[in-house]
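Engineer: This is the structure I want to talk about, given as structure tokens.
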Amino acid sequence: MNHTAISQSHQPISLSSEVSSIHSVSKEDLLLINQLLLNLYRLKTRDEQALATLEMLKALVPSVIACWTRFNNLKGELQYTTLPNIPSSPKDAQQVAQVANQSPFPIYFAVSGDRSWRMVTDFMPIEEFQQTELFQLTMTPMGCVHIISTMLDKVGDDHFSLALCRAEAYSERDRTVLNLVYPHLNLSYYNLQAYEQASRSLQQYQTVVESAPLGYAFIQSDGKIGWVTSKAREIWKQHFPTEPTYENGAPASVIAWLERCLAARPTFLPALEAGLAVPSPAQTIEMRLLPSPFDGLILTVGTRSPEPLARFRPLPSLTSRQNETLQWMTEGKRNSEIAAILGISERTVEKHVAEVLQQMEAENRATAIVKAMEFCAVMNAGGAGI
């Protein structure tokens, strides 16, 4: 590949937030991340993936329990894998299912579209969460107090979530490291799905990834673009409508970025090379150059919203002050913190919180927060409210 002449003509670009995050963790962390991700990409069957993913996450962020959950809406199937393995009876599972709505995570990820790792303390004081039945059923027996969790993108009809639990609070270093590996978790699933079905045929691999939500391209060992899926071409056309195109419809900016990545090999960390992030009013395009099970590299092409959707909307049944109180509750603030923010006494905040719980028919703070998020989900979807 030789496009030196066009490298100067592309529009200004910046590296995505994943790259800037790299500088906030240690070199030792980066080397460990890189090795663990390369091990993840070497997997040959999807049966290995859940356990391998949990092993990787626990190696990066020490935790007592790591959990991988798969839920299929159409079939009503719920499967989970834990490390270490925690056997449970159908009765135990039923009890947990009955109080699962006390967790802020599922509705938050559904409402916001955010896919970064979140701690339970992002939503409520840990003392409030400890009072819920969900905590007492799931966390107390394991001696865990704190949770950090994320939701992976939908894969077919399957929804996946990941969670880590331990007694000590998670740090921002932990969150940063987990966010660095996040983009590779979905991709590893598609790699394995494609690898299994393709039987080492690159042509069949291309057929499989055509149905994926991301765009894909295959970079040959000589650096040339072997093929590009229709989704990748569509994204490129939307974000670079006026640029000249070259190999397989790749715009000048993409070619120039790819040249820089390939020129940096093998000195850069290949599994962490996060790509070009070109902002637009509605979306940001993100590309990553990653290891491939074949003789070459896989280029992923996707988009994300610049900001997650709002996770709070004022409830019409509450007063202005009650809504202010509820909003800060959803931000994980304690009564003393809300009092300082609003410039009122803590006793007055306690009164507002009690009124909010009564108006929302919520038995505790956690339930009120989840109900507020559910209302926001309806409003974000254009509904009439609840």
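Engineer: Restricting to region 87-124, and then to whatever is among the hydrophobic types (A, V, I, L, M, F, W, C) and at pLDDT 85 or above, can you tell me which residue is nearest to THR150 (Cα to Cα)?
Structural biologist: Step one: of region 87-124, the residues among the hydrophobic types (A, V, I, L, M, F, W, C) are 93, 96-97, 99-100, 105, 107, 109-111, 117, 119-120, 123-124.
From what is left, the residues that are at pLDDT 85 or above are 105, 117, 119-120, 123-124.
Numbers: PHE105: 8, TRP117: 5, MET119: 9, VAL120: 11, PHE123: 14, MET124: 17 Å.
Checking each candidate, the answer is TRP117.
Results for (1) in the same structural domain as GLU172 (by TED's automatic domain parsing); (2) closer than 17 Å to LEU180 by Cβ; (3) at pLDDT 90 or above; (4) in contact with a helix residue (DSSP H, G or I) (Cβ under 8 Å, 6 or more places away or on another chain), shown as yes or no for each residue.
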residue: SER26; (1), (2), (3), (4): yes, yes, no, no
residue: ASP29; (1), (2), (3), (4): yes, yes, no, yes
residue: ASN34; (1), (2), (3), (4): yes, yes, no, yes
residue: TYR41; (1), (2), (3), (4): yes, yes, no, yes
residue: LYS44; (1), (2), (3), (4): yes, no, no, yes
residue: ASP47; (1), (2), (3), (4): yes, no, no, no
residue: ALA50; (1), (2), (3), (4): yes, no, no, no
residue: PRO62; (1), (2), (3), (4): yes, yes, yes, no
residue: THR69; (1), (2), (3), (4): yes, no, no, no
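Engineer: Among the residues of region 166-182, how many are closer than 23 Å to LEU289 by Cα and either buried (at least 20 other Cβ atoms within 10 Å of the Cβ) or among the aliphatic types (A, V, I, L, M) (or both)?
Structural biologist: 4
Engineer: Here is a list: THR150, THR132. Which entry is of a type in the set (Val, Ile, Thr) and within 30 Å of LEU214 (Cβ to Cβ)?
Structural biologist: THR150
Yes/no per residue for (1) at pLDDT 90 or above; (2) not small (Gly, Ala, Ser):
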| residue | (1), (2) |
| --- | --- |
| LEU297 | no, yes |
| ARG304 | no, yes |
| ILE338 | yes, yes |
| LYS351 | yes, yes |
| ALA354 | yes, no |
| ARG365 | no, yes |
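Engineer: I'm told ARG200 meets every condition in (1) modelled with pLDDT of 65 or more; (2) at positive phi; (3) not polar (S, T, N, Q) except one. Can you identify the failing condition by its number?
Structural biologist: (1)
The values are calculated or read from the model by the stated rules, or taken from the named source; none is laboratory data. Here the structure is a predicted model, which means the values were calculated and not measured. Cβ sites come from the backbone with ideal geometry, for glycine too, and all protein chains shown count toward neighbours.
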